Amino acid sequence: MRRFRYRCTICRTTSPVVHELADLAAESEVHRQTIHGGHIPDDEMAGQIDRLGRWYATLPPLAALYSRIADALSDLRDLKTMGHYWWASAGATLLIGGTAALALLLAATFL
Ligand SMILES: [Zn+2]
């Protein structure tokens, strides 16, 4: 399940979470038309967010990977809620840590 938000940095407001790109476009368009007369606010932000409400585009690569894995695991339990389940966070940590350990082991074996 993908989640999106629109943020106007001029008004310092953030839209509710929407699940479709068309709904995100509608949120931003309605805000621009009603509040700013159709103008596009400087530094506005819009895009896909994780279950913690952070924009994926603003996360460092490893944190974005962790968040995508934890999001996918949490979505197995419940698609509509926000936040990570503790077992999803642990699973993402173990998966990334295990992959790094395996890569180190293989590198040490063949070097
Ligand atoms: Zn605004």
Using only DSSP helix segments of four residues or longer, with each worth -39500 (n - 2.57), what per-residue ellipticity at 222 nm results for the chain after dividing by its residue count and rounding to 500?
-18000 deg cm²/dmol
Send over the per residue convex hull volume for the range 1-49, Cα only, as a whole number of Å³.
60 Å³
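For the range 58-111, what number results from the quotient of the Cα radius of gyration and 2.2 N^0.38 Å?
On the way: Rg = 13.7 Å, N = 54, 2.2 N^0.38 = 10.0 Å.
So the range 58-111 has a normalised radius of gyration of 1.37.
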Charge context of Arg77, other residues only, Cβ under 12 angstrom, K/R +1, D/E -1:
-1
Relative to the longest principal axis of the C-alpha atoms of the chain, give the angle of the C-alpha long axis of helix 86-110, reported between 0 and 90° and rounded to the nearest 10°.
50 degrees
For the chain, divide the Cα radius of gyration by the Kirkwood radius and give the resulting Rg/Rh value with two decimals.
1.14
Longest principal axis of the chain (C-alpha) makes with the long axis of helix 21-36 (C-alpha) an angle, in degrees to the nearest 10, of 40 degrees
What are the residues whose amide H is under 5 Å from the amide H of Ala46, where those residues sit 5 or more places off or on another chain and H is modelled from the backbone?
Arg7
Counted charge near Glu27, where neighbours are those whose Cβ lies closer than 14 Å (Asp, Glu -1; Lys, Arg +1):
0
Please identify every one of the trypsin sites (Lys or Arg not before Pro) in the range 1-45 that sits in a loop by DSSP and has no more than 11 other beta carbons within 10 Å of its own beta carbon.
Arg12
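We did not get these values from a lab; they are worked out from the coordinates using the rules stated. On a predicted model such as this, the values are computed, not experimentally measured, just so you know. Note that we place each Cβ from the backbone using ideal geometry, even for glycine, and neighbour counts take in every protein chain shown.
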